[in-house]
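> The following block contains the structure, expressed as structure tokens.
Laboratory data are not the source of any read-out in this text; all were calculated from the coordinates shown. Just so you know, these numbers come straight off a predicted model, no measurement behind them. All Cβ positions, even for glycine, are placed from backbone atoms using ideal geometry, and neighbour counts span all protein chains on display.
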Amino acid sequence: MNQPFGVDAPDGQPDDVLMNEKGEIKNIIDIASMTENAAEIEKMHKDVKRTFAVDAPDGDSDGHVLEEMTEIEHLIDEASEVENTAEINKQHSLEEKVIKEAERHPEHDW
């Protein structure tokens with residue numbers, strides 16, 4: 001008798017990928033159960049005073065967001081060394097004036 005088999009899960013991932021990932025997770029748990037001290041881990045969990053999110057609600061890991069913010073700070077720092085602050089501020093001011101003027105006219109859909 002043939003059994004139906006879903007090719008893709010609702011998230012678009014092939015079913016075998018999900019099964020492989022579950023197998024990898026089981027292997028990690030099995031190895032940890034042989035090498036880790038369960039009592040110490042439970043004590044560590046109970047001693048935690050504060051928790052934090054591993055993934056942001058958008059699914060992006062907090063470490064990735066932090067890495068991007070560090071890169072942005074680096075770009076800003078680097079630009080501050082080579083750019084003329086007064087000129088940049090003047091450009092931003094002019095851009096704001098153009099946008100405000102365009103907003104006064106309904107034919108400009110910003």
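> Take L94 and E78, extend 7 Å from each Cα along the Cα→Cβ direction, and tell me the distance between the two endpoints in nm.
2.6
> Could you pull out every one of the aspartates and glutamates with an alpha carbon less than 14 Å from that of K26, ignoring same-chain neighbours closer than 8 positions?
Of all the aspartates and glutamates, none pass the test against K26 - Cα under 14 Å, at least 8 places apart if same chain.
> Using θ = phi - 60° and the Karplus relation 6.51 cos²θ - 1.76 cosθ + 1.60, list the HN-Hα couplings for the range 18-35 in order, rounded to whole Hz, with x at every Gly or Pro.
Karplus values, whole Hz, x for Gly and Pro: 4, 5, 5, 5, 5, x, 5, 4, 4, 4, 4, 5, 4, 5, 4, 5, 8, 10.
> Ordered by residue, what ³J(HN,Hα) values in Hz, to whole numbers, does the range 63-79 give under the Karplus form 6.51 cos²θ - 1.76 cosθ + 1.60, where θ = phi - 60° and Gly and Pro are x?
x, 5, 4, 4, 4, 5, 5, 5, 4, 5, 4, 4, 4, 5, 4, 5, 5
> Multiply the residue gap between R50 and N37 by 0.36 nm, knock off their C-alpha separation, and tell me the result in nm, one decimal place.
The R50-N37 span can extend by a further 2.5 nm.
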